[in-house]
Amino acid sequence: MESTIIKSRNFNASFGSNHVVRNVNIDIPRNQIVAVMGPSGCGKTTYLRCINRMHELIPGATSEGEMLLNDEDVYKMHPIFVRLKIGMVFQRPNPFPNLSIYDNVIAGYKLNGIKLPKAERDRIVEHSLTRVALWSEVRDSLNKKGSFLSGGQQQRLCIARAVAMEPEVILFDEPTSALDPISTSTVEELFHELKANYTLIVVTHNMQQAARVSDKTAFFFLGELVEYDETRTMFTNPKDNRTQNYITGRFS
Amino acid sequence: MQAKSVKYRLGKSYGFQLLTYLLAFAIVVPLLAILFYIVRAGITKINWHFLVNIPKPVGESGGGIANAIVGSIIIILVAAVIAVPIGIMAGIYLSENRKSKLAYWVRLSTDILQGVPSIVIGIIAYFWLVKPLRGFSALSGSAALAIMMLPIIVRSTEETLRLLPDSLKEAALALGMPFHRVIFKVIVPVGIGGILSGVMLSIARITGETAPLLFTAFGNPYLSVNIAKPMQSLPLLIFNYATSPYTDWLNLAWGASLILLVWVLFLNILTKLLTRKWKVQL
């Protein structure tokens, strides 16, 4: 039996009276890549943002139900603690424009006021940048601003920033939708490397990407979790009619 | 018939264009005239002696405006120390709580405050500070000027921070940063160019204010650095000496006018340069 890291039980989320995530039950296995796909507005991003409690930052946003990280309810932990355990990478690369590449990587420590010896910082920066295959490209320009990098490099820098905190889970919110095809494939290759140490949950509106990168896939439709299975099974032999229609392109 | 009507319409169009050119030019003329007049009258009065000496008593020739320059700098610095932290904090509040009831009232108050005549602010400072403290003081002048600086700083901070994308704040929050660190380590440093240019504009705005100082800082013919006592400032010196009948004092007023003008121009240009330099690429 593989161990489960994140469990949702009867999880609901809303913006005011708009009920966007409906009664979701899901088990995310440790050290796997889980893709969350579905048409626009199906609640997949909202669900993702509920996992590390980013959803509640939007005025009027509410949620109910259980969200367990290692059997502990994240809604009973302090949000800051949750976000240290569950990192996040966003749709558009968002490095801190006022910080150098080096400082961007250790931003989670530096800006949180966690003091580390220089040698330890250097180690974290090199380690994290190596993990995201960026070290060889930026090792000579660590003091340049992060915003000088290309879009794909910036996104990998943002992944390095999340990796540097050594979280257990990393959430990706359509991480390649703002990137060109080559950067996209670099990031997708990264997922396989990262899986050894972290659990990845990747929201994507790109079915092919879900099929390429994930071990398991969840299909959301109109706020409901329609189907959740091994990616291979889901794409070859979907059980639900709506999944079938979605992956054959009847609607998108 | 048709050709004639087109011609008439084209003529009207040219006429209108010409009018806009003329009126745009008319805006430039008074400014250039003022500059020319003050530079011509003031430039001959300014020398080293003028900058480092205090005014001589009536009857003696020479003298300078050192007391007014030092006084203006002190009064403005103290005003900035009062207004900058309050203004920036209020601006942060407004950009973070765009729709709250308090934000509505704060915005309304800053708008109204911006329209309050400076002499009225001077009177308020007189009743709130000068009377209870039993004496004119530079500090009460600074407080009056600080009130005038506030709306500019509050609004420029708010406008700057509002323009920063939410993704920046989300990036910081997703790293587990508490709110105060998100603000002071990420949002404010990224927006610092806009915030500081607001501060400098507010300083440029109050540098020439005379009315709030008339019955607060009051003026002082001697050099003073004690903010609990009356202090001279450039606009006060100009106001007092320009209306005097003595040629030496009139000369001092002309020189001081030029210094004040250069100071304000310099601040405005510096603000423009710095905003360009600090512009953060997002």
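The values are calculated or read from the model by the stated rules, or taken from the named source; none is laboratory data. Just so it is clear, the model here is predicted, and its values are computed rather than measured. Because the Cβ atoms are built from the backbone with ideal geometry, glycine has one as well, and the counts that use them run over all protein chains shown.
Quick notes
- Residue in segment B:176-194 that is part of a helix (DSSP H, G or I), more than 14 Å from chain A (Cβ to nearest Cβ) and surrounded by fewer than 23 Cβ atoms within 10 Å (Cβ to Cβ) present: no
- Taking the criterion of being more than 12 Å from A:Val213 (Cα to Cα) and in a loop (DSSP other than H, G, I, E, B), the residues of segment A:177-201 that qualify are A:Ser177, A:Ala178, A:Leu179, A:Asp180, A:Ala196, A:Asn197, A:Tyr198.
- Options A:Gly146, A:Gly151; residue that is surrounded by 20 or more Cβ atoms within 10 Å (Cβ to Cβ) and of a type outside the set (Val, Ile, Thr): A:Gly146
- Condition met for B:Asn47 (without any contact (Cβ under 8 Å) to a residue 24 or more places away in the chain and either surrounded by 11 or more Cβ atoms within 10 Å (Cβ to Cβ) or within 19 Å of B:Leu258 (Cβ to Cβ) (or both)): yes
- Being touching a strand residue (DSSP E or B) at 6+ places or on another chain (Cβ under 7 Å) and either within 14 Å of chain B (Cβ to nearest Cβ) or part of a strand (DSSP E or B) (or both) is a condition met by no residue of segment A:114-125.
- In segment B:157-175, the residue that is surrounded by the most Cβ atoms within 10 Å (Cβ to Cβ) out of those that are out of contact with any Gly (no Cβ under 8 Å at 6 or more places or on another chain) and more than 7 Å from every other protein chain (Cβ to nearest Cβ) is B:Lys169.
- Residue in segment B:254-263 that is in contact with a Lys or Arg (Cβ under 7 Å, 6 or more places away or on another chain), touching a residue at least 60 places away in the same chain (Cβ under 8 Å) and within 22 Å of B:Leu35 (Cα to Cα) present: yes
- If you check B:Gly122, B:Gly135, B:Gly141 for being in contact (Cβ under 8 Å) with a residue 24 or more places away in the chain and not in a helix (DSSP H, G or I), only one passes: B:Gly135.
- Options A:Arg161, A:Arg156; residue that is within 13 Å of chain B (Cβ to nearest Cβ), surrounded by 22 or more Cβ atoms within 10 Å (Cβ to Cβ) and in a helix (DSSP H, G or I): A:Arg161
- Of the residues making up segment A:93-113, those that are facing chain B (nearest Cβ under 10 Å) and buried (at least 17 other Cβ atoms within 10 Å of the Cβ) number 14.
- Qualifying position, being in contact (Cβ under 8 Å) with a residue 40 or more places away in the chain, among the small types (Gly, Ala, Ser) and on the phi < 0 side of the Ramachandran plot, among A:Ala119, A:Ala107, A:Ala133: A:Ala107
- Within segment B:52-75, residues that are in a helix (DSSP H, G or I) reach partners that are among the aromatic types (Phe, Trp, Tyr) with beta carbons closer than 8 Å, at six or more positions or on different chains, in the pairs B:Asn67/B:Tyr222.
- Looking across segment B:225-279, not a single residue is under 30 Å from B:Val188 (Cα atoms), modelled with pLDDT of 90 or more and assigned to a loop (DSSP other than H, G, I, E, B).
- Segment B:84-99, residues that are aliphatic (A, V, I, L, M) and without any contact (Cβ under 8 Å) to a residue 12 or more places away in the chain: B:Met89
- Residue count for segment B:204-223, restricted to those that are of a type in the set (Phe, Trp, Tyr) and assigned to a loop (DSSP other than H, G, I, E, B): 2
- Test: B:Ala204 is closer than 27 Å to B:Glu158 by Cα and more than 14 Å from chain A (Cβ to nearest Cβ): yes
- Figure legend. Inter-residue proximity from segment A:226-245: first residues under 17 Å from A:Gln209 (Cα atoms), second residues of a type in the set (Gly, Ala, Ser), beta-carbon distance below 7 Å, spacing 6+ or different chains. Indicated pairs: A:Tyr228/A:Ala218; A:Thr231/A:Ala35; A:Thr231/A:Ala210; A:Thr231/A:Ala211; A:Thr231/A:Ser214; A:Phe235/A:Ala211.
- Contact annotation: residue pairs with Cβ atoms under 7 Å, 6 or more positions apart or on different chains, pairing a residue in segment A:57-86 that is farther than 23 Å from A:Glu166 by Cβ and within 14 Å of chain B (Cβ to nearest Cβ) with a partner that is outside any helix (DSSP H, G or I) and modelled with pLDDT under 90, are A:Gly60/A:Gly16.
- The residue of segment A:213-236 that is surrounded by the most Cβ atoms within 10 Å (Cβ to Cβ), among those that are of a type in the set (D, E, K, R) and within 16 Å of the chain's Cα centre (by Cα), is A:Lys216.
- Single condition A:Ser40 does not satisfy, out of (1) in contact with a Gly (Cβ under 9 Å, 6 or more places away or on another chain); (2) small (Gly, Ala, Ser); (3) in a loop (DSSP other than H, G, I, E, B): (1)
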